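The values are calculated or read from the model by the stated rules, or taken from the named source; none is laboratory data. In this text, all values refer to a predicted model and were calculated from it rather than measured experimentally. Ideal geometry is used to build each Cβ from the backbone, glycine not excepted, and the neighbour counts take in all protein chains shown. These area figures cover heavy atoms from the full protein model, side chains too; ligands, DNA and RNA do not enter into them. Shrake-Rupley method; radii C 1.70, N 1.55, O 1.52, S 1.80 Å.
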Amino acid sequence: MTAITGCYRRAGTRIGLDETLARLHDRLGHRGADGGEKWSNGSVGFGHQQLHTTPESLAATLPTTVDGLTITADARIDNREELFEALEVELDSPRSQERIPDSRLLLEAYREWGVTCPTRLLGAFAFAVWDHDRESLFCARDHVGVKPLYYHCTDDLFAFASELPALRTVTPTELTPDERWIGDYLAGRLDDRTATGFEELERLPPAHTITITEADRTLRRYWSLEDIDPLPPVDDDTYERQFRDLFTDAVDVRLRGQRPECVGSLLSGGLDSGSIASVAATLRTHRGEPPLPTFSAVFEDVTDCDEREFIDAVTDAGGVESHTVHGDQFGPLADAETLLEHFGRPFYPSLFLLIPRLYAAAADEGVRTILHGYGGDQTMGSSVQGYFRGLARRGQFPTLARELRAYRRRYPWLSTVDVLWRDVLAPLAPQSVRRFRHSRFETDRYVERSMASIDRQFARRTGLDTRLETDAVCQPPQSQRELRRQALAAGEPSFNLELNDAAAAAVGIEPRYPYFDKRLIEFSLALPPGATVTNALDRTIVRDGLAGVLPRAIRERDDKMEFSPNVVHGTTTYDLETIERTLFDGTPTAETFLDVSDLEAGFERLQTDTGTASDARNLSMATTLEWWLSESV
């Protein structure tokens, strides 16, 4: 995974510049399998660590200066032909495009359109441009945050990097842990897309740019989920064809690799990764390219988590070369310390148990680029409950009744009355009614219901209890479109994309996400109500749109694998000694934030085989937090 770094002495001095840049650059050396370079001039310096993942990247020499502009970039631009035409780039022949790297297109886009240039881009990018004439530094991050960009800004220094820990080499020896962020992390609230866990460090949010001069710091948003107009009404077949065309192209542009055999795909057996792998394999077969390497987790001991039935449905269709990792042979904390070293802040080990090992397996096979199914739920999902609420709001009660009957047939153990009340009517209640109900029946229960054992005094002191109450009484999304917009605008996607970036970079892999294609996001938010639901089954536009490509077993699958049994198995089999040593052999640094007695009770349950996935998740989070604090404070 390529990395970028840079620093700007805003007062105009070179004092310490080269040393600062060298520390930033060297800290990210693991991301530069194909070399690294530095550049400095006056009060500004850039660094770049190179990993070749596209044919054009072979022609890139970064940082580079052309006619008064210097750039460093971690980028994959997907609308190259459109940019060549709009920028009127002269070519000797169509093949000479490959001799012009994405970074040069970014440089010319900035020259032509200035700070608005990201609005003309499609792809994944984080880049910085030093404008010599204006003496300004411009940084941009892609629409959904696939490429990370962290920074530290003072009156004297602006420094940026692709990984958070690199910035610790240029900041005060002791950074200040952000207690508000710690509380939100423990409660599973990731809404702040600028916070990093340290008060002195920040993230550039997705779809934003920042311009730094000697005197000013200007943050701009260049793309919004609120600005997408609805599609005109057409028949379902038309929407399905539009989806298929968009999705196929979203996969195709992400198959652009240094060589075809360097691109692979994760394959879990679910609808998201299954659709990506199936389309990618079909495209490669039609082009006469080698089979697509796929990487899947299988389970010999915890067979309830095994998805080989669905994985095999994809591999049996042909065009793939299957590789597997045994997902029940290690615990959630197996790779957590290594990942903390690169990610630089706590995460959720039980939810990220399998991915590092799958990335490592791909790297062992010579893969440099991996297609990832993350984003399918946020972009094309929404839950049918959102559709039900929309029907109720619009007074379409016959259709609502028909869909509820279909929902009842699909899930016969559910009561229609309960579903109607819990999933449709109660969420439609006005905010005042919800606030009254919570004040009568839910007071002071928000912290104890959160996902971790949080110290109550800490929760009150930092206002976490109030934030959790506000979340609880807030009226939930009232339609499919609102649900999708909320899921895409939340802090969770950028957090998880940054986590995947760090894990992949540790082994020299670049993840790519077809479902987070900007065009596909805009299409999904423009769809009319009900375009993705048929007979209480969500995402039918994906299932029907990919008929003939996606195996029937996956198209008809209406569940998601629940990996809780493996989380409990991995924790009790492999992690208990580490947890005990970290949390209970002495007084943990994290005691200020945690309810240690509650953690001890959960630990005892896991020791006696009565523990739950919640206990395992809670303890792995606490352990990760303790490691981070011990290293940071």
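Using the alpha-carbon centroid of each, what span in Å lies between the stretch 15-40 and the stretch 138-203? With the stretch 15-40 and the stretch 138-203 each reduced to a Cα centre, they are spaced 19 Å. I'd like the carbon and sulfur percentage of the solvent accessible area for the chain, probe radius 1.4 Å, heavy atoms only, ligands and nucleic acids excluded. Of all accessible area on the chain, carbon and sulfur atoms account for 46 percent. Using the Cβ of A207 as centre and a radius below 13 Å, the other residues enclosed give a net charge of +3, where K and R count +1 and D and E count -1.
Label positions at A429 and E577, each projected 7 Å from the Cα along the C-beta direction, are separated by 5.1 nm. If R0 equals 35 Å, the separation of the Cβ atoms of A553 and F584 corresponds to a calculated FRET efficiency of about 0.15. Taking 12 Å as the straight-line reach from the Cα of K147, the aspartates and glutamates in range (excluding those fewer than 8 positions away in the same chain) are D74, E163, E498, D501, E510. Ranked by the mean number of other Cβ atoms within 10 Å per residue, highest first, peptides 609-616, 204-211, 469-476 order as 204-211, 609-616, 469-476.
Solvent-accessible area of E309, all protein chains in place: 130 Å² (probe radius 1.4 Å, heavy atoms, ligands and nucleic acids excluded). In this rough spin-label picture, where each label sits 7 Å from Cα along the Cβ direction, the E19-R410 distance is 6.3 nm. Each label was represented as a point 7 Å from its Cα along the Cα-to-Cβ direction; for D133 and L225 these points are 3.9 nm apart. Exposed loop sites are taken as chymotrypsin sites (Phe, Trp or Tyr not before Pro) in a DSSP loop (any state but H, G, I, E or B) with at most 14 other beta carbon atoms within 10 Å; the longest stretch of the chain without one runs 1-412. Accessible surface computed residue by residue for the chain, with neighbouring protein chains in place and a 1.4 Å probe, gives 41 Å² per residue. Once the chain from E482 to A317 is taken as fully extended at 0.36 nm per residue, the excess over their C-alpha distance is 55.7 nm. Here the calculated FRET efficiency for H286 and T238, from their Cβ-Cβ distance with R0 = 22 Å, stands at 0.35, rounded to the nearest 0.05.
Shown is the FRET efficiency for M451 and L58, computed with R0 = 45 Å from the Cβ-Cβ distance and rounded to the nearest 0.05: 0.50. Our estimate of slack between T610 and D304, defined as 0.36 nm per intervening residue step minus the Cα-Cα distance, is 108.4 nm.
Between R99 and A215, residue separation times 0.36 nm minus the direct Cα-Cα distance comes to 37.9 nm. Here is the list for the stretch 245-310: trypsin sites (Lys or Arg not before Pro) lying in DSSP coil, each with at most 15 other C-beta atoms within 10 angstrom of its C-beta, are R287.
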